[in-house]
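The values are calculated or read from the model by the stated rules, or taken from the named source; none is laboratory data. Because the structure is predicted, anything quoted here is derived from the model rather than measured. Using ideal geometry, Cβ is built from the backbone for each residue, glycine included, and neighbour counts are taken over all protein chains shown. We work out accessible area using only protein heavy atoms, side chains counted, and drop any ligands, DNA or RNA first. Shrake-Rupley method; radii C 1.70, N 1.55, O 1.52, S 1.80 Å.
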Amino acid sequence: RGGIMPLNGRRLVLRGVNRHEFSCDRGRAITAAEIESDLRLLKQNNFNAVRTSHYPNQSLFYTLCDQLGLYVIDETNLETHGSWMVMGALKNDGRDAIPGDSDLWRGAVLDRGTSMLERDKNHPCILMWSCGNESCGGSVLHELANWLRSRDNTRLIHYEGIFWDRRWPDTSDVESRMYAKPEEIERYLAARPQKPYLSCEYAHAMGNSLGNLELYTRLEDQYPQYQGGFIWDFLDQELWVTDADGKRWLAGGSFDGAFDKPTDGRFCANGLLFADRTPSPKLREAKFLYSPLRLRCAADGIAIENRNLFVDTSALRFEWSLLQDGVCARSGSFAAAVPAGQTQTVPLPAGAAAPPPAGGEWVLECRAVLAAPCSWAPAGHEITFAQTVLRAAPAPVLPNRRAALVCGDCNTGADLGRSFAQIWHPSGQLVSWRAEFGELLCSGVQAEFWRAPTENDLGNRAPARWGQWKLASLYQFCTEVRRSAADGTVTTVLALPGEPQRRCELTCTFCAQDTLGLRVRMERPQGDLPCFGLSFAMPARFDRLQWYGNTAAEAGCDRHSSCRLGRGEGRVQEQLTPYLKPQECAGKTDLRSLCILDADGCGLRVTAPHAFAASVLPWTAHELENAGHQRELPPPTRTVVRLLQGQCGVGGDDSWGAPVHREYLFPGTQELDFTVFLTLLDGRA
């Protein structure tokens with residue numbers, strides 16, 4: 001491919017401790033099979049390069065990269081970050097940097113670089129030599145770079161530190177940066193520089209992150225000198241800890257506060273894989289954006305853009321499907337040998353992509369899969385996919401027949417047919433919806449403005465800016481209830497604490513066919529907010545989910561390129577994404593429908609006039625926020641449903657101050673208005 005789009009390959013052998021009432025499992029050497037498994041996983045997820053930060057790896061690693069086909073930046077065992085930088089700022093203008101210009105360090109630095117090159121020079125996977133990591137600049141590193149060139153003139157030299165010390169610019173053959181924002185990279189490239197650009201670290205994947213990765217990958221198409229970047233990093237580094245009760249859990253940072261203070265806390269939990277090597281939802285987005293192919297689906301055929309530099313697409317099989325509401329109605333496959341760097345459109349059989357007259361949403365999908373097994377994946381392994389909506393389904397509407405209201409002094413009820421719903425006036429909330437199979441609600445329906453802060457939210461201090469919306473979610477109160485028997489509606493006016501004090505309206509429309517509409521409106525907030533929608537809790541027995549929309553386990557408005565429309569299902573307790581600290585997670589997007597059911601198929605179906613977002617977990621956003629670790633979450637006793645018009649992106653440039661990009665904020669520049677429809681489902685019928 002044009003450009004290096006890699007995943008960081010840092011490997012740590014962890015040595016444990018045994019203090020107080022906690023014990024940590026001892027580290028061990030990583031086996032050859034585990035290394036090979038890691039590298040296969042990289043290839044399967046479309047990564048094509050690894051930087052061995054911040055030291056050379058063991059020799060077997062390079063042999064496997066030779067065999068599997070991964071580019072490598074081999075990095076000298078050197079980092080002196082603390083000698084010249086404190087909390088992200090230069091210390092003493094970098095004059096204290098080690099090695100700098102000091103002869104005291106010259107021999108040691110040259111020895112480390114020499115040892116790396118002489119050991120690894122015969123591995124064809126190595127594309128660049130790196131002089132080290134985060135050691136500022138100086139003549140010593142310049143001398144190392146020149147020695148590497150004199151010994152091996154077939155490879156490029158990389159060193160990021162010239163950004164901090166420009167006295168020796170030819171220490172590096174590329175302009176390398178850490179965590180530069182997309183607009184900063186573009187400014188450099190737009191100036192037509194002499195050197196290509198490489199992000200030796202970027203897209204800090206800590207917690208629920210890797211948002212706006214597409215803003216980086218877009219630069220590939222615009223600037224030939226953009227050579228990609230290395231995501232930080234491969235997997236979370238945590239230790240298995242056994243507590244006093246004999247329970248094992250993965251811990252990072254201060255290990256529940258028992259010892260090792262102060263620490264950098266969770267800053268070792270920034271991988272695309274969790275510490276037990278299960279993939280996180282972030283990996284799916286990286287795979288899609290790093291694909292060597294781009295597919296575009298249209299009724300007249302499939303356009304295949306081959307972004308590889310050297311190979312055609314003859315090793316692939318292209319499988320297409322015509323889906324009605326996520327269910328396959330027609331399918332087929334074809335082969336195509338699109339040359340490297342070219343684009344071709346392959347027509348589909350006549351009428352294959354023409355939706356039948358039947359209703360529903362019709363989607364054309366194409367998948368590129370391996371036609372035969374290879375060294376890193378079996379036959380049928382998917383490289384990438386594409387979809388297009390050929391015909392959208394009509395937007396759902398509420399039934400015309402309204403339910404009669406039963407008006408009391410403190411309550412308003414409605415007979416919906418096989419169920420009865422009730423609003424309690426003091427709170428203005430829908431507090432009960434009872435069917436033959438039981439009660440559907442165990443908390444009132446309320447306006448929702450809050451999410452459990454992500455690591456990036458905490459890093460850029462968004463919770464301090466958003467604090468009024470947490471108060472609004474926790475302490476909203478009813479000031480007025482208006483009833484309209486003719487329309488079958490009850491409207492609650494809610495006052496939201498904060499300065500200035502705002503208000504919103506929550507309207508419930510009752511229909512006779514066991515359906516009700518919920519609409520929440522709010523005057524212009526005049527500023528971005530975490531999210532906007534509705535939330536309520538159902539009894540814990542409603543623990544099964546079915547949905548039609550984005551099938552990803554978790555997505556967001558800035559981690560959405562890999563969105564795939566289809567049908568999904570799962571259990572509520574399985575939805576929590578196991579980030580080291582509980583935070584906003586399990587967000588489902590592009591929903592057309594969402595069903596929350598019990599074992600008998602009884603429960604609710606949620607639809608809306610427009611695609612909506614949701615999360616369904618056993619805990620509220622506030623309970624997630626309050627827990628320092630998963631084991632601190634309270635025992636599950638209910639199913640918490642959040643139905644959202646949308647929410648702020650998760651961000652991803654870095655985790656220590658970078659804001660969410662403006663286009664991914666949830667804006668409050670106009671009145672907010674969100675409607676959903678809830679329909680009773682009785683699986684026993």
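The label point for residue 102 and the one for residue 121, both projected 7 Å from the Cα toward the Cβ, are 3.0 nm apart.
The phi-based Karplus calculation (6.51 cos²θ - 1.76 cosθ + 1.60; θ = phi - 60°) puts the 3J(HN,Hα) values of region 549-560 at x, 5, 7, 4, 4, 7, 8, x, 5, 10, 9, 9 Hz, whole numbers, x for Gly and Pro.
If the cut-off is a Cα-Cα distance under 17 Å, which lysines reach residue 581, setting aside same-chain residues fewer than 8 apart in sequence? Residue 581 reaches 282.
For the peptides 150-156, 325-331, 285-291, the ranking by mean Cβ contacts within 10 Å, running from highest to lowest, is 285-291, 325-331, 150-156. For residue 261, the aspartates and glutamates whose Cα comes closer than 17 Å to its Cα, not counting residues fewer than 8 places off in the same chain, are 21, 238. On a per residue basis, region 615-685 carries 41 Å² of accessible surface, using protein heavy atoms and a 1.4 Å probe. Taking packing as the residue-averaged number of other Cβ atoms within 10 angstrom, the listed peptides 356-362, 244-250 run from highest to lowest as 356-362, 244-250.
Our note on the geometry: Cα centres of region 31-62 and region 165-244, 19 Å apart. In whole Å, how far is the Cα centre of region 647-682 from that of region 346-367? Taking the Cα centre of region 346-367 as reference, the centre of region 647-682 is 32 Å away. DSSP bridge analysis restricted to the chain gives an antiparallel fraction near 85%, rounded to the nearest 5. Of the residues 362, 343, 534, the one whose Cα sits farthest towards the positive end of the charge dipole of the chain is 362 (charges of +1 on Lys and Arg Cβ, -1 on Asp and Glu Cβ, taken about the Cα centre).
Contact order, relative form, for region 422-494: 26 percent (alpha carbon pairs under 8 Å, 6 or more residues apart, mean separation divided by residue count). For region 42-106, with all protein chains in place and a probe radius of 1.4 Å, 54% of the accessible heavy-atom surface sits on carbon or sulfur. Counting only protein heavy atoms and a 1.4 Å probe, tell me what percentage of region 544-637's accessible area is made up of carbon and sulfur. Using a 1.4 Å probe with all protein chains present, region 544-637 comes out at 47 percent carbon and sulfur. Near the amide H of residue 174, within less than 5 Å, lie the amide hydrogens of 159, all on another chain or at least 5 residues away, with H placed in the peptide plane. Taking amide H positions as modeled 1.01 Å from N, with prolines and chain starts lacking one, the residues under 5 Å from residue 552 and 5 or more places away or on another chain are 564.
Roughly how many Å is it from the Cα centre of region 515-536 to that of region 290-317, as a whole number? Value for the Cα centre distance between the two parts: 41 Å.
Over region 219-345, accessible surface divided per residue gives 44 Å², non-protein components excluded, 1.4 Å probe.
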